[in-house]
Amino acid sequence: MKRLIFTLAAAILSLHGFAQTTERIASKGYALHTADGELKPYDFSRHPIGENDILIETLYCGVCHSDIHQGRGDWSPQSYPLVVGHEIVGRVVQTGLKVTRFKVGDYAGVGCMVGSCRHCEYCDSGEEQYCLHGRVLTYGDKDVYHDNEISQGGYSNNMVVDEQFAVTIPKGADIEKVGPLMCAGVTTYSPIMHAGVKRGDKVGIAGFGGLGHMALQYAVAIGAEVTVFDITNEKRDEALDMGAVRYVNVRNIEELEGLNNMFSFILSTIPSAYDPMLYVNMLKMDGELAVVGMPAAKDAPVVPVLGLRGRRKVWFSVIGGMRETQETVDYSVSHGIYPKVEVIPIQQINEAWRNVVDGKVHFRYVIDMKSLE
Ligand code: NDP
Ligand code: ZN
């Protein structure tokens with residue numbers, strides 16, 4: 001009798017989309033099988049839906065340069081097969097019994113993190129990305145909260161994630177373009193806000209790609225006078241159209257004249273080798289260079305302390321906490337700030353990666369996950 005009641009209760013709950021499964025969730029996506037290989041179709045499974053988890057059917061996933069760096073082992077050796085992708089938006093299809101922020105049918109977003117200890121001083125202050133006991137990145141990370149399995153990302157048809165590591169999507173959001181807000185958005189919004197950039201400040205954005213074009217839009221929305229730095233002339237018109245007051249191709253030495261000692265804040269999103277002193281020297285006294293770009297370990301930029309004369313500051317920033325990720329999404333949607341996207345089927349992902357590395361993307365690829373079917 002007890003068993004019958006339990007089965008009936010489970011059936012009623014599942015009809016309403018509530019679930020707490022003991023079985024793993026079947027998933028399919030595209031994975032890398034070696035550091036230098038191509039991404040190929042891959043079937044795998046995710047941990048069961050816990051009481052605080054939601055199951056998301058992935059609709060779109062952005063293609064971040066970090067997917068390529070990490071997939072290729074630019075920063076550290078990886079384990080394969082590896083499904084990357086951390087700019088995820090989808091629809092909730094099941095909710096664990098204790099989930100309160102989502103119901104079936106809602107849109108949900110997932111960014112670069114899927115877990116953290118939740119009780120250290122950084123987690124307590126909403127900066128889970130700096131968790132003292134180790135946050136779990138969305139892919140390629142040992143998930144200590146789920147039997148040490150290696151996390152797998154969003155180039156796939158679904159995600160299972162604790163609701164605390166998912167963001168709600170405001171009504172009316174342009175769903176196709178929301179995914180990149182989870183990484184390119186918050187990674188640039190966060191340092192701009194933490195630096196206290198304000199109207200009229202002279203701001204520089206170095207690297208005008210997926211992250212850089214989001215940074216430009218946030219700084220322009222605040223009212224800063226923004227100069228964009230990149231290595232070609234190709235994106236000059238787009239930068240000016242998006243509100244930059246100046247575009248500098250750093251490969252033309254003459255365009256750099258007169259810029260030293262000008263900026264109160266510069267954000268570097270550069271993904272490859274460069275000399276950071278070029279930008280440090282452009283800072284005014286007490287100016288700040290925030291670095292978010294993460295070149296391969298062999299190309300990591302180095303700043304000599306004695307080069308920081310005039311109390312110039314250089315700091316590094318990693319994505320943003322969950323509270324700030326939600327704030328970024330809400331702010332972006334309410335201000336109409338979105339990435340410029342090229343939507344592609346997943347079958348074009350290898351070509352898309354080559355184009356990102358070759359600087360041929362304007363400005364973010366987004367994979368339409370329907371193409372997986
Ligand atoms: P993109 O490839 O989309 O953009 C990079 C841009 O930088 C391109 O426009 C590129 O030009 C330009 N660029 C390359 N070299 C230089 C240079 N020497 N000087 C000026 N501009 C240059 O990459 P993303 O925006 O997706 O990512 C940027 C970096 O940020 C990556 O290293 C990524 O891993 C990192 N990242 C860091 C995060 C964090 O939390 N700290 C989070 C997310 C990403 P061109 O197009 O001509 O090649
Ligand atoms: Zn990213």
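The values are calculated or read from the model by the stated rules, or taken from the named source; none is laboratory data. Everything numeric here is computed off the predicted structure, so don't read it as measured data. So basically every Cβ, Gly included, is an ideal-geometry build from the backbone, and we count neighbours across all protein chains shown. Note: accessible area is taken over every heavy atom of the protein model, side chains too, but ligands, DNA and RNA are not part of it. Shrake-Rupley method; radii C 1.70, N 1.55, O 1.52, S 1.80 Å.
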TODO: Among residues belonging to region 279-308 that are closer than 29 Å to Pro180 by Cβ and open to solvent by 60 Å² or more (accessible area, probe 1.4 Å), point out the one that is nearest to ligand 2 (Cβ to nearest atom).
DONE: Met294
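Find the residue count for region 352-373, including only residues that are outside any strand (DSSP E or B) and either within 17 Å of Gly210 (Cα to Cα) or modelled with pLDDT under 95 (or both).
Taking region 352-373 first, the residues outside any strand (DSSP E or B) are 352-363, 369-373.
Remaining after also requiring either within 17 Å of Gly210 (Cα to Cα) or modelled with pLDDT under 95 (or both): 352-363, 373.
Residues that pass the stated criteria total 13.
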Task: Considering residues of region 83-101 that are in contact (Cβ under 8 Å) with a residue 60 or more places away in the chain and open to solvent by 10 Å² or more (accessible area, probe 1.4 Å) only, the residue farthest from the chain's Cα centre (by Cα) - done: Leu97
TODO: Of the conditions (1) open to solvent by less than 60 Å² (accessible area, probe 1.4 Å); (2) within 16 Å of ligand 1 (Cβ to nearest atom); (3) not assigned by TED's automatic domain parsing to the domain that holds Ile88, Val333 clears all except one; give me its number.
DONE: (2)
- [ ] Give just the number: which of (1) closer than 19 Å to Tyr274 by Cβ; (2) in contact with an Asp or Glu (Cβ under 6 Å, 6 or more places away or on another chain); (3) surrounded by fewer than 14 Cβ atoms within 10 Å (Cβ to Cβ) does Arg311 not satisfy?
- [x] (1)
Open item on the list: Please determine whether any residue of region 244-259 is under 23 Å from His69 (Cβ atoms) and free of Cβ contacts under 8 Å to residues at least 24 places away in the same chain.
Closed with: yes
TODO: Output the residues belonging to region 338-351 that are surrounded by fewer than 19 Cβ atoms within 10 Å (Cβ to Cβ) and assigned to a loop (DSSP other than H, G, I, E, B).
DONE: Lys340
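If I ask for residues that are at pLDDT 95 or above and either part of a loop (DSSP other than H, G, I, E, B) or within 16 Å of ligand 2 (Cβ to nearest atom) (or both), which ones from region 134-143 would you list?
As a first pass, look at region 134-143 and keep what is at pLDDT 95 or above: 135-143.
Matches in region 134-143: Arg135, Val136, Leu137, Thr138, Tyr139, Gly140, Asp141.
Is it the case that region 42-59 has a residue that's within 15 Å of ligand 2 (Cβ to nearest atom), touching a residue at least 60 places away in the same chain (Cβ under 8 Å), open to solvent by 20 Å² or more (accessible area, probe 1.4 Å) and within 17 Å of the chain's Cα centre (by Cα)?
No, region 42-59 has no match at all.
Taking the condition of being away from ligand 2 (no atom under 16 Å from the Cβ), among the basic types (Lys, Arg) and buried (at least 19 other Cβ atoms within 10 Å of the Cβ), how many residues in region 161-202 meet it?
Going residue by residue through region 161-202, those that are away from ligand 2 (no atom under 16 Å from the Cβ) are 161-164, 166, 168-176, 192-202.
When the remaining residues are screened for being among the basic types (Lys, Arg), the result is 171, 198-199, 202.
If we keep only those that are buried (at least 19 other Cβ atoms within 10 Å of the Cβ) as well, we get 202.
Qualifying residue count, region 161-202: 1.
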Open item on the list: List the residue pairs whose Cβ atoms are under 9 Å apart, where the first residue sits in region 308-319 and is assigned by TED's automatic domain parsing to the domain that holds Pro295, the second is open to solvent by 50 Å² or more (accessible area, probe 1.4 Å) and among the polar types (S, T, N, Q), and the two are 6 or more positions apart or on different chains.
Closed with: Gly310/Asn261; Arg312/Asn281
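Yes or no: region 312-320 includes at least one residue that is out of contact with any strand residue (DSSP E or B) (no Cβ under 9 Å at 6 or more places or on another chain), of a type in the set (Ser, Thr, Tyr), within 11 Å of ligand 1 (Cβ to nearest atom) and at pLDDT 95 or above. It would help to see each step written out before you state the result.
At the first step, the residues of region 312-320 found to be out of contact with any strand residue (DSSP E or B) (no Cβ under 9 Å at 6 or more places or on another chain) are 318, 320.
Going one step further and asking which of them are of a type in the set (Ser, Thr, Tyr), we end up with none.
No, region 312-320 contains no residue that is out of contact with any strand residue (DSSP E or B) (no Cβ under 9 Å at 6 or more places or on another chain), of a type in the set (Ser, Thr, Tyr), within 11 Å of ligand 1 (Cβ to nearest atom) and at pLDDT 95 or above.
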Open item on the list: Give me the residue from region 203-243 that is in contact with a Gly (Cβ under 9 Å, 6 or more places away or on another chain) and open to solvent by 40 Å² or more (accessible area, probe 1.4 Å) and, out of that set, farthest from Val314 (Cα to Cα).
Closed with: Glu234
